[in-house]
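Remarks on the structure that follows.
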Amino acid sequence: MKALEDLILKIGKVDRRWIFLVLAIAVFIPIIKPIGMPIRATETTKVVFNTIENLPENSKVLVSIEYSPSTKPENHPMTISILRHLFRNNHKVFVTCLWPDGQFMAQDALKQVAEEEFGKVYGEDYVFLGFRPGNEAVVKGIVSNIRKLYTVDVYQTKIDEIPLMDGIKNFKDFAFLFSCSAGYPGTVEWVQYAADPTGVPMSSGVTSIQVNEVMPYVQSGQMKGVLAGMPGAAEYEALMGQKGFATSGMDAQSIAHLVIVLFIILGNAAFFIERKRSRKY
Amino acid sequence: MIWKRQIPILIVAFIGALTLFGWFVEEPNIQAFVDDDATQWYDILASFAIILGAMNLMKMQIQKVARQKKGWPYSIVAIFGFLFAITAGFFIKGVDDSVAVWGAHVTTEGTLFKWIFDYMFTPLSATMFSLLAFFVASASYRAFRIRNFEASLLLVAGIIIMVGRVPIGSLISSWVIMYIIVLALGIGVNTWKKDKKITFGVVGVGIIIVTVAGMMTGWPLDKPAIFYLPIIQEWIYYYPNVAGTRAIMIGVGLGIFATSIRYILGIEKSYIGE
């Protein structure tokens, strides 16, 4: 028993670089050799899926991209899956960005899904409006008069010359909004300044750390579900029946979480043994 | 003095009041101001603020290099990075006008700016964020300790969320959780009564009850649902978490309201340096 306690104490005082190494190995192995753990869709993800599934064909949907490469593993699979779903159901997609980096992320997703997978026509099936500075002021601008805010698209084409922009004046002309967000400005600003005042339904995909912040809006019905972090993205991929990066990432995340929990348990065991011994002496 | 103090306060009070009442007044001109003009003013001011911010950044970094303050070599990298991005953004596109016009070049494949984003910014940004996983692991190992009731509650909730959110959580049977609860109950009874017989009695009875119940129901993975990790984590997200977040949101909202009123009434004057 004493040998075991000594071993736990020794582990408790281990250099943090060993922890880094163990975690790196725990993450790498499932990435190289996926385990294929089952993905169970949560209620919030199902609501997002069903809301998009129930939109009438040819609905005009605004997709807003608010993340950067740092959260790409979490947010990008959501954008890919949502775009797939929208194009599969023949909806018209309008893409805006509240973050400057979001423009690059959106372009990458549109190239993969709209151009390569579905062969959609730019200007007829989708429009890429891009980034405008101003945070919530941009959201308010889209709500009141999108044409005043966006006179040209990302490719510097005049909005008036894009056929899909015919009849689009403000936010109320859209049937649905999906915001893929990693922070400020993002989902919260869309709820407060756009979806809630106008009554246009919206859903969102957020990083795991943001879920706490947006959950009250989901529970109150101001948002139609939420994709919560990489698990949310993986669940959406499962509902779409098309596995992607999020699904393959979930094995690594599962093992990493388990390893962290084991570290916490070992750390606490060492803490208790140490406390017991210090009381004894 | 009047131009430095009274006039700015008057402008803030007037614009603040107008913007606030614009939400409540059915007057098209006021609404147009609040919805369109004021937001465009904000955009213009924000653009100037970016220029000022950039100039300030350069000034600070150049001063750091000139005076060879601690970490000055990093400032050289910052200065070169800044100048490189400015050059790629405003002076050298890297492609002809037939490929991308100025403005569109920012996101067009083959341009210098896109190259910077793809091969410098993206890897650096992703690396910095990825390192968080290692620090989280190390920090939770050292800091997550069962020191008191609140810390224990936080620890248990954290573990449930961490395991319940990922697929591995859905593979853990609710019966395993019930056995763990019985053992935890045993620890609690032992700490309270400090009697081995009572502790063994409680643990033994608990294990028998769970085992008999499991054999009778056929050990379903996700039943009883209240002991199934994905269900428990969903409950934590939906109720205790939302309750706490709402309280914070209401507090923040009241704080913003109070501060706004202070600005409109001219009580808060930090923006003029008072």
Residue A:167 versus (1) over 26 Å from the mean Cα position of the chain (by Cα); (2) not in a loop (DSSP other than H, G, I, E, B): which is the lone unmet condition? (2)
Which one is modelled with the lowest pLDDT among residues in the range A:114-142 that are out of contact with any Lys or Arg (no Cβ under 6 Å at 6 or more places or on another chain), assigned to a strand (DSSP E or B) and within 18 Å of residue A:61 (Cβ to Cβ)? A:130
Which numbered condition residue A:51 misses (of (1) over 29 Å from residue B:117 (Cβ atoms); (2) within 9 Å of chain B (Cβ to nearest Cβ); (3) touching a residue at least 60 places away in the same chain (Cβ under 8 Å)): (2)
Conditions first: (1) surrounded by fewer than 16 Cβ atoms within 10 Å (Cβ to Cβ); (2) more than 13 Å from chain A (Cβ to nearest Cβ); (3) of a type outside the set (Phe, Trp, Tyr); (4) more than 32 Å from the chain's Cα centre (by Cα). Residue B:9 passes all but one, so which condition is the exception? (1)
Read through the list (1) more than 11 Å from chain A (Cβ to nearest Cβ); (2) crowded, with 19+ Cβ neighbours inside 10 Å; (3) under 24 Å from residue A:270 (Cα atoms), then give the number of the only condition that residue B:144 fails. (1)
Residue B:219 vs (1) on the phi > 0 side of the Ramachandran plot; (2) loosely packed, with under 12 Cβ neighbours inside 10 Å: all pass except (2)
Within the range A:151-199, which residues are within 15 Å of residue A:213 (Cβ to Cβ) and small (Gly, Ala, Ser)? A:179, A:181, A:182, A:183, A:186
The conditions are (1) over 24 Å from residue A:42 (Cβ atoms); (2) more than 8 Å from chain A (Cβ to nearest Cβ); (3) under 21 Å from the mean Cα position of the chain (by Cα), and residue B:128 fails exactly one of them. Which is it? (2)
Have a look at B:75, B:98 and point out the one that is modelled with pLDDT of 90 or more and more than 9 Å from chain A (Cβ to nearest Cβ). B:75
Which one of these is surrounded by fewer than 16 Cβ atoms within 10 Å (Cβ to Cβ) and at the interface with chain B (Cβ under 9 Å from one of its Cβ atoms): A:242, A:156? A:156
Out of the range B:248-274, which residues are hydrophobic (A, V, I, L, M, F, W, C) and touching a Pro at 6+ places or on another chain (Cβ under 8 Å)? B:249, B:272
Within 14 Å of another protein chain (Cβ to nearest Cβ) and within 30 Å of residue A:165 (Cα to Cα): does that describe residue A:85? no
Considering only residues that are touching a Ser or Thr at 6+ places or on another chain (Cβ under 9 Å), more than 7 Å from every other protein chain (Cβ to nearest Cβ) and closer than 23 Å to residue A:12 by Cβ, which ones fall in the range B:156-171? B:158
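Just to be sure I understand, how many residues within the range A:1-27 are free of Cβ contacts under 8 Å to residues at least 60 places away in the same chain and assigned to a helix (DSSP H, G or I)?
Narrowing the range A:1-27 to residues free of Cβ contacts under 8 Å to residues at least 60 places away in the same chain: A:1-4, A:6-7, A:10, A:14-18, A:20-21, A:24-25.
Remaining after also requiring assigned to a helix (DSSP H, G or I): A:2-4, A:6-7, A:10, A:16-18, A:20-21, A:24-25.
Matching residues across the range A:1-27 total 13.
Does the range A:104-113 contain at least one residue that is basic (Lys, Arg) and not in a strand (DSSP E or B)?
Checking the range A:104-113: at least one residue is basic (Lys, Arg) and not in a strand (DSSP E or B).
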Test of understanding: among A:86, A:23, A:62, which residue is modelled with pLDDT under 95 and either assigned by TED's automatic domain parsing to the domain that holds residue A:152 or buried (at least 17 other Cβ atoms within 10 Å of the Cβ) (or both)? A:23
Checking the condition in contact with a Ser or Thr (Cβ under 8 Å, 6 or more places away or on another chain), touching a residue at least 60 places away in the same chain (Cβ under 8 Å), of a type in the set (S, T, N, Q) and within 11 Å of another protein chain (Cβ to nearest Cβ), which residue from A:207, A:187 passes? A:207
Scan the range B:260-271 residue by residue and report those that are assigned to a helix (DSSP H, G or I), surrounded by 12 or more Cβ atoms within 10 Å (Cβ to Cβ) and out of contact with any Asp or Glu (no Cβ under 6 Å at 6 or more places or on another chain). B:260, B:261, B:263, B:264
Pairs, please: C-beta under 8 Å, at least 6 apart or cross-chain, first residue more than 10 Å from every other protein chain (Cβ to nearest Cβ) and in the range B:236-255, second of a type in the set (A, V, I, L, M) and surrounded by 15 or more Cβ atoms within 10 Å (Cβ to Cβ)? B:236/B:157; B:236/B:160; B:236/B:161; B:240/B:157
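Helices (runs of 4 or more DSSP H) wholly in the range B:22-105 with at least 2 residues that are of a type in the set (Phe, Trp, Tyr) - which ones?
Working: elements: B:28-32, B:38-66, B:72-86.
Passing ranges, in order: B:38-66, B:72-86.
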Of A:263, A:271, which residue is assigned to a helix (DSSP H, G or I), over 29 Å from residue A:31 (Cβ atoms) and facing another protein chain (nearest Cβ under 7 Å)? A:271
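For the range B:16-57, which positions are within 19 Å of residue B:262 (Cβ to Cβ) and within 14 Å of another protein chain (Cβ to nearest Cβ)? Talk me through it step by step, then tell me what you get.
Our first condition is that a residue be within 19 Å of residue B:262 (Cβ to Cβ); within the range B:16-57, this holds for B:16-21, B:23.
Scanning the range B:16-57 gives B:19, B:23.
Report yes if residue B:122 is buried (at least 17 other Cβ atoms within 10 Å of the Cβ), without any contact (Cβ under 8 Å) to a residue 40 or more places away in the chain, farther than 22 Å from residue A:249 by Cβ and within 9 Å of chain A (Cβ to nearest Cβ), otherwise no. Write out each step before concluding.
Values: buried (at least 17 other Cβ atoms within 10 Å of the Cβ): yes; without any contact (Cβ under 8 Å) to a residue 40 or more places away in the chain: yes; farther than 22 Å from residue A:249 by Cβ: no; within 9 Å of chain A (Cβ to nearest Cβ): yes.
When the stated conditions are applied, residue B:122 does not pass them.
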Is the range A:170-190 home to any residue that is under 30 Å from residue B:249 (Cα atoms), among the hydroxyl-bearing types (Ser, Thr, Tyr), touching a Lys or Arg at 6+ places or on another chain (Cβ under 8 Å) and outside any strand (DSSP E or B)? no
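The values are calculated or read from the model by the stated rules, or taken from the named source; none is laboratory data. These numbers come from a predicted model, not from an experiment. Don't worry about glycine lacking a Cβ; one is built from the backbone with ideal geometry, like all the others, and counts go over all protein chains shown.
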